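**Q** I have a structure here, written as structure tokens, and I will follow up with some questions on it.
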Amino acid sequence: MSNQKEIKNLKSFSTAAERFEGAHVLCPGCAHSIIVREILNATNDNLVVSAATGCLEVCTAIYPHTSWDCSWIHIGFENASTAIAGAESMHKALKRKGRIDVNQKDPKFVAFGGDGATYDIGFQWISGCFERGHNMMYVCLDNEVYANTGGQRSSSTPIGASATTSPAGSTSYGEKQNKKDILAIMAAHGAPYVAQVAPNKWKDMVKKIQTGFETEGPVFINAMSACTTEWKFPMHKTVEVSDLAVDSLVFPLYEIINGTELNITYRPKNIVPVRDYLAFQPRFKHLFKPEYAHIIEEWQRRVDAKWDYLQRREEARV
Ligand SMILES: Cc1ncc(C[n+]2csc(CCOP(=O)(O)OP(=O)(O)O)c2C)c(N)n1
Ligand code: SF4
Ligand SMILES: [Mg+2]
């Protein structure tokens, strides 16, 4: 792919032209900024970006300042997807009318939303964009909680996590529902490309983003985004907690092409127990009481079953 940056090493990648500047007020250690920077640096093409309300938008665009060195739209909490789909449709229409030079390279259209904006409140708009087949990338910054408004649970919050609307206490182990399988749902739209990424596995992530940018049609990326404030780990441990997430297979890295072909893109050499991932984050600390041992066992069983399923899907190509 001719327009791609060659990914030799982190140093050469990180000194590429910046389209996401460091001057923002995201918490130190917030994975949102790492992910967004890696995504924007993955192409040299022009970008049109939208951001749903949430930590990313609130902390990067405080008038009169902005961290975005590209065309950028902030719209409602629920419709970052349709804003970017509208821009993409307008671009096509202007080309048809001869008002944009047809020889000019098309920009990349990218929408960012948190898990609250994606799994819950903006879901029907995203689903519509994927059904209509817009040429766009939608990126979910999945920190498993409505972080910007104080840590309420979303349908991405995993079972046993203590969130402000599902607090752990003397009679509760916290969140009661399992995390929604958003990747399976988006793949079921027949999307040409969907993938899970994590910022600590940056080469895997950049490869997937570049594949997404080269794909015609709607692309969905679910990015694990560790939140130091709501997951309650120390701010310098973002990469460590992300390593535990992918090495325990709590957050497996894979892609699905055209709704069918599934490829696992990262196989940990040493799989770590789920309990090590949970133990790292005080949002799960109550699960280590003897009466909640069954929740951790159930977590491990579910993670093992999902890994088995992904491997079978990869072999079967269905
Ligand atoms: C329609 C609507 N509902 C609720 C809100 C309030 N609100 C703003 S940001 C936010 C939380 C965002 O959570 P998420 O999408 O997960 O992003 P995060 O802040 O975690 O990155 C909420 C509930 C809003 N702005 N608009
Ligand atoms: S609350 Fe979480 S998601 Fe929001 S800026 Fe802080 S670390 Fe990032
Ligand atoms: Mg969130």
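The values are calculated or read from the model by the stated rules, or taken from the named source; none is laboratory data. Because the structure is predicted, anything quoted here is derived from the model rather than measured. All Cβ positions, glycine included, derive from the backbone under ideal geometry; neighbour counts span all protein chains shown.
**Q** Could you say which residue among 198, 163, 184, 188 is modelled with pLDDT of 95 or more and buried (at least 23 other Cβ atoms within 10 Å of the Cβ)?
**A** One residue alone meets the criteria, 198.
**Q** Can you find, within the range 54-65, the residue that is surrounded by the most Cβ atoms within 10 Å (Cβ to Cβ) among those that are out of contact with any helix residue (DSSP H, G or I) (no Cβ under 7 Å at 6 or more places or on another chain) and at pLDDT 95 or above?
**A** Selected residue: 60.
**Q** Is at least one residue of the range 174-193 within 17 Å of residue 42 (Cβ to Cβ) and either within 19 Å of the chain's Cα centre (by Cα) or within 16 Å of ligand 3 (Cβ to nearest atom) (or both)?
**A** Looking through the range 174-193, at least one residue is within 17 Å of residue 42 (Cβ to Cβ) and either within 19 Å of the chain's Cα centre (by Cα) or within 16 Å of ligand 3 (Cβ to nearest atom) (or both).
**Q** On to the next question. May I ask you to verify whether residue 265 is under 25 Å from residue 315 (Cα atoms) and touching a residue at least 60 places away in the same chain (Cβ under 8 Å)?
**A** yes
**Q** Can you find a residue in the range 239-254 that is at positive phi and either more than 16 Å from ligand 1 (Cβ to nearest atom) or surrounded by fewer than 22 Cβ atoms within 10 Å (Cβ to Cβ) (or both)?
**A** Yes, there is a match, as at least one residue in the range 239-254 is at positive phi and either more than 16 Å from ligand 1 (Cβ to nearest atom) or surrounded by fewer than 22 Cβ atoms within 10 Å (Cβ to Cβ) (or both).
**Q** Might you check whether a residue that is surrounded by fewer than 23 Cβ atoms within 10 Å (Cβ to Cβ) and on the phi > 0 side of the Ramachandran plot occurs anywhere in the range 111-132?
**A** Within the range 111-132 (the criterion being surrounded by fewer than 23 Cβ atoms within 10 Å (Cβ to Cβ) and on the phi > 0 side of the Ramachandran plot), the answer is no, since none of the residues qualifies.
To keep it simple, each residue is scored yes or no on (1) closer than 30 Å to residue 110 by Cα; (2) part of a loop (DSSP other than H, G, I, E, B); (3) within 16 Å of ligand 2 (Cβ to nearest atom); (4) among the hydrophobic types (A, V, I, L, M, F, W, C).
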residue	(1), (2), (3), (4)
209	yes, no, no, yes
222	yes, no, yes, no
237	yes, no, yes, no
256	yes, no, no, yes
271	no, yes, no, yes
277	no, no, no, no
287	no, no, no, yes
297	no, no, no, no
303	no, no, no, yes
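**Q** Look at residue 272 and say whether it is under 25 Å from residue 202 (Cα atoms), surrounded by fewer than 17 Cβ atoms within 10 Å (Cβ to Cβ) and among the β-branched types (Val, Ile, Thr).
**A** yes
**Q** Additional query: Please determine, by comparing only the residues of the range 138-160 that are more than 12 Å from ligand 1 (Cβ to nearest atom) and surrounded by fewer than 24 Cβ atoms within 10 Å (Cβ to Cβ), which one is nearest to the chain's Cα centre (by Cα).
**A** Here the residue is 158.
**Q** Taking the range 71-108 as the search range and keeping residues that are in contact with a Ser or Thr (Cβ under 6 Å, 6 or more places away or on another chain) and of a type outside the set (Val, Ile, Thr), which one is nearest to residue 132 (Cα to Cα)?
**A** 83
**Q** Looking at 229, 211, 215, 238 in this structure, which one is touching a residue at least 24 places away in the same chain (Cβ under 8 Å), over 23 Å from residue 283 (Cα atoms) and β-branched (Val, Ile, Thr)?
**A** Unique residue meeting the criteria: 211.
**Q** List the number of the failed condition for residue 113; all other conditions in (1) within 16 Å of ligand 3 (Cβ to nearest atom); (2) part of a helix (DSSP H, G or I) hold.
**A** Residue 113 satisfies all of (1) within 16 Å of ligand 3 (Cβ to nearest atom); (2) part of a helix (DSSP H, G or I) except (2).
**Q** A further question on this structure: So how many residues does the range 145-160 have that are near ligand 2 (Cβ under 10 Å from one of its atoms), in a loop (DSSP other than H, G, I, E, B) and in contact (Cβ under 8 Å) with a residue 60 or more places away in the chain?
**A** Summing the residues that are near ligand 2 (Cβ under 10 Å from one of its atoms), in a loop (DSSP other than H, G, I, E, B) and in contact (Cβ under 8 Å) with a residue 60 or more places away in the chain in the range 145-160 gives 2.
**Q** Next question. So if I check each of 98, 116, which one is within 24 Å of the chain's Cα centre (by Cα) and either within 16 Å of ligand 2 (Cβ to nearest atom) or of a type outside the set (S, T, N, Q) (or both)?
**A** Of 98, 116, the one residue that is within 24 Å of the chain's Cα centre (by Cα) and either within 16 Å of ligand 2 (Cβ to nearest atom) or of a type outside the set (S, T, N, Q) (or both) is 116.
**Q** In this structure, is residue 245 under 18 Å from residue 141 (Cβ atoms), within 16 Å of ligand 2 (Cβ to nearest atom), under 18 Å from the mean Cα position of the chain (by Cα) and not in a helix (DSSP H, G or I)?
**A** Answer is no for this residue.
**Q** Kindly list, by first and then second residue, each pair from a residue in the range 68-89 that is over 12 Å from residue 113 (Cα atoms) to a residue that is within 16 Å of ligand 2 (Cβ to nearest atom) and assigned to a strand (DSSP E or B), limited to pairs with Cβ atoms under 6 Å and residues at least 6 apart or on different chains.
**A** Correct list of pairs: empty, since none qualify.
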